[in-house]
Structures are given as C-alpha cells and as structure tokens.
1. State whether one or more residues within the range 287-305 are farther than 14 Å from ILE266 by Cα and over 20 Å from the mean Cα position of the chain (by Cα).
2. Looking at (1) surrounded by 17 or more Cβ atoms within 10 Å (Cβ to Cβ); (2) without any contact (Cβ under 8 Å) to a residue 24 or more places away in the chain, which one does GLU41 not meet, given that it meets all the others?
3. Give all pairs with beta carbons closer than 7 Å in which a residue from the range 312-337 that is not assigned by TED's automatic domain parsing to the domain that holds ALA136 meets a residue that is at pLDDT below 95; count only pairs at least 6 apart in sequence or on separate chains.
4. Taking the range 138-160, which residues are of a type in the set (A, V, I, L, M) and either modelled with pLDDT under 95 or assigned to a helix (DSSP H, G or I) (or both)?
5. Which condition from (1) in contact with a Cys (Cβ under 9 Å, 6 or more places away or on another chain); (2) more than 27 Å from LYS241 (Cβ to Cβ) is the one that TYR332 breaks?
6. How many residues does the range 208-250 contain that are exposed (fewer than 11 other Cβ atoms within 10 Å of the Cβ) and either in contact (Cβ under 8 Å) with a residue 12 or more places away in the chain or aromatic (Phe, Trp, Tyr) (or both)?
7. Of the numbered conditions (1) surrounded by fewer than 24 Cβ atoms within 10 Å (Cβ to Cβ); (2) over 17 Å from the mean Cα position of the chain (by Cα), VAL178 satisfies every one except a single condition; which is it?
Amino acid sequence: MVKTVMRGNEATAKGAQLCRPHVIPAYPITPSTMFPERISEYVADGELKAEFVMVESEHSAMSAAIGAAATGVRVCTATASQGLELMHEILFIASGMRLPIVMAVGNRALSAPINIWCDHQDTISARDCGWLQFYAERNQEALDLMIMGFKIGEDKRVLLPGMVGLDAFVLTHTQEVVDVPDQAEVDAFLPPYKPEHTFLDPKRPVTIGSFATPDTYMEFRFAQDIAMSKEAPKVIDEVFKQWEKAFGRKYQKVTAFECKDADIIIVSMGSMTGTAREAVRQLRAKGKKVGLCKITVLRPFPEKELKEVLAGAKVVAVLDRSLSLGYGGPVYCEIAGSFVNDQKRPMIQDFIIGLGGRDILIKDFENIVSKCEATMKSGRPEKVIDWINVNYEPAGGVK
C-alpha cells in the first residue's frame, strides 16, 4: 500500500482503476468531473486497458454502461445531482437487468434554485431504483467502497448495480491522505469478472428486456427484492470481513460510537459524521450521555443493525441531509418505520440539516442534543420534524 494525498474524486477514480474495468462511459458534471478526467488519463497513459466512452449526456452514459455490462464486462461511471436525475429512468433498467455497474456520485443538491454544493437529495431520490447504496465519510472510504462495490454487486447471489456517494466539495475536492492498495492486492481481493449471464453476443442473438406481461412482471421484481433484501446483506457482511482481513480497515453497515449507555443517539450519514463524532466527544466531556450511529449502507436498508444500536436510547435524533417534501426526512421515515411494531421503542426526532451545502457545525449538534433533552424531560418532542439553522420566518407566523 502507498499513502497518497488525493481528492475524493481522485480516490473514487483510483479505486475504479484498480478494479480493472473494461468500459467507462461518462459525462462530466460538477462536482464529479474529475472522475472521468482522471480515468481518461489512466486510459490515455496506458495505465488502464479500457474503453473510455465520451457520450452526449448522463442518460447516454448509463445507457452505454448497460450495453457494455450486458456483454459481460466490468463497467463503471460517475455523475452527480441533475446528472443522476437525467439517468433516472435508465437506473431501473440497469438493476432490472441485474447488471453490477458501479457508479461514484458526488452528492449535490438538486435545482431549482441552482446549487452545486452538498446534500443527499440526488442519491436519496434514487433509493428505490434497485441499486446498492453506500455513503462515504472520508476519501479513504470512497476508494475502499468503490472496490468493494464491484465485489458485492458481482456476487452471483446479488447481481445488482451500486452507487458510492461522497459529499460534494467536502470530499470530492478536499485533499486527504488515502492508503492506496497495490494492484496485486486488489487483484487478489477482486478476481477478473466472470459474468453469471452474458446477454449480448453476436454468435448467440437474443432479445432481452423487451416485454413482461402481468403473468411474469411481479416475479422479476420479487427476484430483485430477494437479491437486495435477503442476499445482499449477507454478501456485504462477508465482503466487509474479507476487506478487513486483507487491508486492515473495518467496515460495517452501521457503526456505533459511544452508544452503549447513551440516552440520546444521533444518526448521521456521509461527511457530517466527523463533525458529529467530535461533538459527541465534547458533549461526553460535559457529562452528557450522547452517542453516534453512522450509516454506511442505506440500500439494502440495515434495519436489524440499526435497531440493535438504537433500541436502548431514550431519544434518537435522525439527521437528514435531504427532504421528502410534504413529509420530512427520508432516513427518519425508514428508521421510524423499523420500530412501528415494537412496544418498547425510543422517541425518534427528525432534523433537516445541511441542505445545499449549509455548514454543519458543533453548535448545531449541541442545539440538537438540547432539543432531545427537552424531549426526554417532557416525554414527547415539541417538533417531530425540525429544521436546523434556517434563517426564514414564514409570512403570518406559520410554524
């Protein structure tokens, strides 16, 4: 391994290169442009034997990725924000055809208004497309999850595409020390791709993905759901353990920090986790029983692991860097749903935070914990869904 200072986009590109992909169709979009730039340099310099395909849009990039993957080769790409939404209809085709494409996504807010900074609305809006979803806290995780994404998705029990989210600018453009594995180590961890099924072959012409009647469509979806909800969780655990054994870095779907005796547990995802962890340390030093639960894998949803960590808390504070308009936070919705049939469950509060790149600071976590303490005292939250650090007063005093 070699320790190198690199940006998050470079880390995902390097991780992809080490996996020896055969085809990389990509279209540039802020803040992920550096991924296709760097991959194209690897190809041009002879460091990667692959086809880099320049396309006219993100819709075309995912279409080309599907065409390439259907021939039985390893494929990756990258995008962000509006680019991911332009791919949206094609994302379902990739997962429905069970093609293990891996895609880096620079998590960026959606328009309008135009905003190029970080939140998770882009990938959250794609969480029902049948893709595995991983969220990186640091650049090291972005590189590692790219490599593991191929191994998980290509497992014959899974055969699903996956996306690795890394926060816009906070990670994509920020330089950190990254431990880059040797090529031989990655080759040992991730053997050459041997597809379970090869569809597109001129010598064996077939029609695929053409039409499914009501007699068969549900069975296709059922098979996908088995792969996502039953098989993928087991494979993810296996691959995470294999990674730790090979490279010494431990990964879990859900990681607990200071949660064993915590009255209040904060649930976070992505780069804000580092700030949350430091806030927990400072609050612990003041005698407050606060813990942190970090989500790395959102799809498949880690219900079992989350409930094991959160069940003992009095109040759970879910941080959503995205919004389901008219309801609240999507991650809150899923966590709350996990406890709906439990007689003994924590009070769960939702905090909308950091949209459009709004800074998330230690004082914000102190504010959140203060609100949770008030909930413990009163026995019910003043607001189930709350917005943090919003400078807006609705007309007419509406709350």
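1. Among the residues of the range 287-305, at least one is farther than 14 Å from ILE266 by Cα and over 20 Å from the mean Cα position of the chain (by Cα), which makes the answer yes.
2. (1)
3. Cβ pairs passing all conditions: CYS333/TYR327.
4. ALA142, LEU143, LEU145, MET146, ILE147, MET148, ILE152
5. Failing condition for TYR332: (1).
6. Qualifying residue count for the region: 3.
7. Every condition holds for VAL178 apart from (1).
For (1) within 18 Å of the chain's Cα centre (by Cα); (2) more than 23 Å from MET148 (Cβ to Cβ), each residue gets a yes or a no:
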position	(1), (2)
GLY15	yes, no
CYS19	no, no
PRO31	yes, no
VAL55	no, yes
THR79	yes, no
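The values are calculated or read from the model by the stated rules, or taken from the named source; none is laboratory data. In this text the structure is predicted, and so the values were computed from the model without any measurement. Neighbour counts are summed over all protein chains in view; Cβ atoms, including those assigned to glycine, are modelled from backbone coordinates with ideal geometry.
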